[in-house]
Each structure stands twice: as C-alpha cells, then as structure tokens.
1. In debye, nearest 20: dipole of segment 5-90 around its Cα centre with unit charges on the Cβ of K, R (+) and D, E (-)?
2. Using Cα-Cα distances under 8 Å and only pairs 6 or more residues apart, what relative contact order does segment 1-64 have, in percent?
3. Order by neighbour count: Cys101, Cys75, fewest other Cβ atoms within 10 Å first, most last.
4. If amide hydrogens are placed 1.01 Å from N in the peptide plane, which non-local residues have theirs closer than 5 Å to the one on Tyr24?
5. Once label points are set 7 Å from the Cα along Cα→Cβ at both Glu39 and Thr126, what is their separation, rounded to one decimal in nm?
6. Taking the inverse of the average 1/r across all pairs of different Cα atoms in the chain, what Kirkwood radius in Å do you get?
7. For the chain, calculate the relative contact order in percent as a whole number, restricting contacts to Cα pairs under 8 Å that are 6 or more residues apart.
8. Using a Gaussian network model on the chain with a 10 Å cutoff between Cα atoms, which of Tyr24, Tyr35, Tyr119 fluctuates the most?
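Derivation of every value follows stated rules applied to the coordinates shown; laboratory data play no part. In this text, all values refer to a predicted model and were calculated from it rather than measured experimentally. Cβ coordinates were reconstructed from backbone atoms using ideal geometry, including for glycine residues, and neighbour counts include every protein chain displayed.
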Amino acid sequence: MTSSMSEIYERVDTFIQRLHDLEYIITPEAKTIVYESKENKKDRSMLADELSNSITIYESRKDDDITRMKYARICNVWINRAFSCGVVRESEGLVKKLKECRDRNVRLESDLEKLSLDYLELQGLTSRLGLPDEDDLERQR
C-alpha cells in the first residue's frame with residue numbers, strides 16, 4: 001500500500017514537530033543499532049545518525065518542490081525503522097505543558113478582567129439602589 005504524498009509529508013512533519021516539542025524522545029539505544037550498506041559491508045551507520053541526518057536534510061530541502069518528496073520518503077523510512085526498533089518514546093512534552101499553562105493563564109486573565117468589570121458594575125448598582133456596600137457591612141460587624 002502506497003501512502004499519498006500529503007500523508008508522507010504530514011507524518012514526517014508531525015514526527016519532527018513532536019521531537020521539537022519534546023513529546024517524543026529518541027532513546028540512547030538508537031546509538032547502538034547499526035545498519036550496513038548492501039553495496040559495501042564496511043560502510044556502517046547508526047540508526048540515531050541516519051534518523052538525525054534524514055531529518056536535517058528533509059528540513060533543508062522542504063521548500064524545494066522537486067526534491068521534497070524524495071527526502072520525505074527517506075526520512076519516513078528512518079522514522080519507521082526507529083519506531084520498529086522501539087527507540088522512539090512518548091515523553092511528558094514539556095513544551096506542550098508550557099503551552100497549556102500559558103493558554104490557561106490567558107483564560108484566567110480574561111476571566112479576572114470580566115469578573116472585575118462585573119464587580120464594578122455591581123458596586124455601582126448597589127450605590128444607586130442605596131444598599132449597604134462592603135464598608136457598611138464591615139462596620140456593622
């Protein structure tokens with residue numbers, strides 16, 4: 001079964017983004033898995049190096065429509081090998097957690113602003129109706 005070009009691009013780009021976001025980590029075992037060239041048995045490379053090199057090359061050629069697919073396919077092969085060898089692990093995703101915290105902070109600031117405006121509006125309404133305000137209630141205690 002052949003994957004479409006867009007599926008390959010999406011898979012490679014998503015993998016790379018998840019690495020950058022620290023959602024994936026490559027285990028140290030990737031440095032111990034060695035691949036030999038079919039043509040020259042003396043030509044050997046480590047999975048970690050091949051994966052890293054394929055990502056680097058893909059990212060440098062990503063804007064070149066002529067070679068992008070070639071390097072996306074190569075990168076996809078090394079991504080598949082890394083997964084099949086069990087050297088890709090899910091991590092806590094510190095960048096993801098930071099983004100979630102920042103998003104939550106923005107929502108909380110927005111909620112605080114809304115509540116502050118509501119509070120000021122209620123104070124004005126209380127004053128117009130001649131109802132006791134916080135200071136009056138505090139003095140009565």
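1. Dipole about the Cα centre, nearest 20: 380 debye.
2. 20
3. Placing the least packed residue first, the sequence is Cys101, Cys75.
4. Leu19, Ser91
5. Between Glu39 and Thr126, the simple spin-label model gives 8.3 nm.
6. 19.8
7. 27
8. In the Gaussian network model the winner is Tyr119.
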